[in-house]
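FYI, it's all coordinate maths here, none of it is from the lab. Quick caveat: nothing in here was measured; it's all calculated off a predicted structure. A quick note on method: Cβ atoms are made from the backbone with ideal geometry, for glycine too, and the neighbour counts reach across all protein chains shown.
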Amino acid sequence: MDELPRNFPYTARRTTYLTIVCSFGFLLLMESGGVALVANLLITNLWLRISINLVHLGLCIFIAITMLSVLSTRHRITSDGLHLNYGRTLHVQLPYATIKDVQPVRDVQAGLQPLTARYDTKKQQLVACFSDQGQLLLRLHSAQPLKIGRQEHQVSTILFNVDHPDLFLTTLTQQMQPII
């Protein structure tokens, strides 16, 4: 068996996402130039002009980091449990004792590549899918309070994806066997 912890990326199919991010980045760059031009032409107070441009630059950097952070996080299997990460908004640690089972599924609507993880109130489901490939549905023994962004929700199922679902399921099953 491989050494733990083991990382599992979920962004193998990133072409569509990068196309959208690059297009949005270009629009953001053009809009930023327009705001800077208008601020520099119309505002006579030097400090106000500089502060408006700096605040706008900070906002643009924050948006870029938020959009690209999804590409750098990975899910992780450790000896303590499963760590699900998705961008800047989802960092969940699940002990193996709370996990009922994990099954491969395919939910086309979940693969719309959201920038952040989202919560479905009707299903008590956390959705953190980057694409529709390699989706897994994790069911918990009972609803757990999990923090998604700044809010805490009662979650009973988690829909997420990994690039290599078979390897993920094998590794997770090996770690859960002593508990079962």
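Estimate the FRET efficiency between LYS100 and GLN174 by the formula 1/(1 + (r/R0)^6), using the beta-carbon distance for r and 22 Å for R0, to the nearest 0.05. The calculated FRET efficiency here is 0.80.
Across all C-alpha atoms in the chain, the radius of gyration and Dmax reach 20.3, 70 Å. Available extension along the chain between SER23 and GLN154 is 43.6 nm, counting 0.36 nm per residue and deducting the alpha carbon span. The Cα center of the range 101-144 and the Cα center of the range 73-95 differ in position by 14 Å. Rounded to the nearest whole Hz, the Karplus-based 3J(HN,Hα) values (6.51 cos²θ - 1.76 cosθ + 1.60, θ = phi - 60°) of the range 15-29 follow the sequence 4, 4, 4, 5, 4, 5, 5, 5, 4, 5, x, 5, 4, 5, 5, with x at glycine and proline. Out of LEU82, LEU54, LEU137, any idea which swings most in a Gaussian network model of the chain, alpha carbons joined below 10 Å? It is LEU54. Each of PRO145, ASN45, PHE26 was scored by the projection of its Cα onto the charge dipole of the chain, and the greatest displacement toward the positive side belongs to ASN45; charges sit on the C-beta of Lys, Arg, Asp and Glu.
Shape class of the range 15-69 from the alpha-carbon gyration tensor: oblate, with a/c at 1.5 or above and b/c at least as large as a/b.
Straight-line reach from LYS100: which aspartates and glutamates have Cα under 20 Å away, leaving out those fewer than 8 places along the same chain? In chain and number order, the partners are ASP80, ASP120, ASP166. Rounded to the nearest 20 debye, the dipole magnitude of the chain is 340 debye, with +1 charges on Lys and Arg beta carbons, -1 on Asp and Glu beta carbons, and the Cα centre as origin. Peptides 85-93, 11-19 ranked from most to least packed, by the mean per-residue count of other Cβ atoms within 10 Å: 85-93, 11-19. If you plug the beta carbon distance of ASN7 and LEU57 into 1/(1 + (r/R0)^6) with R0 = 22 Å, you get a FRET efficiency near 0.10. Quick one: P(r) of the range 122-172 from all Cα-Cα pairs, 5 Å bins, percents rounded to integers, in order of increasing distance. Binned Cα distances yield the sequence 5, 20, 24, 23, 18, 9, 1. How would the range 83-180 be classified by its alpha-carbon gyration tensor: rounded, prolate or oblate, with rounded meaning a/c under 1.5 and the a/b versus b/c comparison settling the rest? Judged from the Cα gyration tensor, the range 83-180 comes out oblate (a/c at least 1.5, b/c at or above a/b). Relative contact order, whole percent, for the chain stands at 20, derived from Cα pairs under 8 Å and 6 or more residues apart.
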